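The values are calculated or read from the model by the stated rules, or taken from the named source; none is laboratory data. Keep in mind the model is a prediction, meaning the values are calculated, not measured. Every residue, glycine as well, gets a Cβ built from its backbone with ideal geometry; the counts of neighbours run over all protein chains shown. Accessible surface areas use protein heavy atoms only, side chains included; no ligands, DNA or RNA. Shrake-Rupley method; radii C 1.70, N 1.55, O 1.52, S 1.80 Å.
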Amino acid sequence: MSDNPKLLSLLGMCRRAGRLSCGHDAAIGSVRSKSAKLCLLSSDSSQRLRKEIEREASFEGRDIPVKLMLSTMEEIGKATGLKSAVVSVNDEGFAKTMLGLLNNTPGEVNL
């Protein structure tokens, strides 16, 4: 089961706008530089990755939301052009819209 199609479409637009960091190193880098406004994890991401992203997002007073998506790495890859288990949204507007969609999705899992 995947997320709302609007969410995946927004991820693609965010990527084309250059406001999405795809993959472990890029996401961690944007979290550490405090440019990340939201981190999204695929449903098939590892527990280790989830814990690491959660720890980085809340380290030293950072308060970056981390959400587990219903979409797999494959589905995120189709939307963004890059297959990855973690992405960070580096734009306040995109992040707020995505959080709104995620919070209205039945079955959405909070970490």
Legend entry - Per-region count, the stretch 1-29, residues open to solvent by 20 Å² or more (accessible area, probe 1.4 Å) and without any contact (Cβ under 8 Å) to a residue 40 or more places away in the chain: 5
Inset, instruction - Inspect the stretch 43-63 for any residue being out of contact with any Pro (no Cβ under 7 Å at 6 or more places or on another chain), of a type in the set (A, V, I, L, M, F, W, C) and closer than 19 Å to R15 by Cα and give the result as yes or no. - result: no
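Residue-wise test of (1) free of Cβ contacts under 8 Å to residues at least 24 places away in the same chain; (2) open to solvent by 20 Å² or more (accessible area, probe 1.4 Å); (3) in contact with a helix residue (DSSP H, G or I) (Cβ under 6 Å, 6 or more places away or on another chain).
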{"site": "V31", "(1), (2), (3)": "no, no, yes"}
{"site": "A36", "(1), (2), (3)": "no, no, yes"}
{"site": "S43", "(1), (2), (3)": "no, yes, no"}
{"site": "R62", "(1), (2), (3)": "no, yes, no"}
{"site": "S71", "(1), (2), (3)": "no, no, no"}
{"site": "E74", "(1), (2), (3)": "yes, yes, no"}
{"site": "S84", "(1), (2), (3)": "no, no, no"}
Legend entry - Residues of the stretch 56-81 that turn out to be closer than 15 Å to K37 by Cα and not in a strand (DSSP E or B), as a count: 9
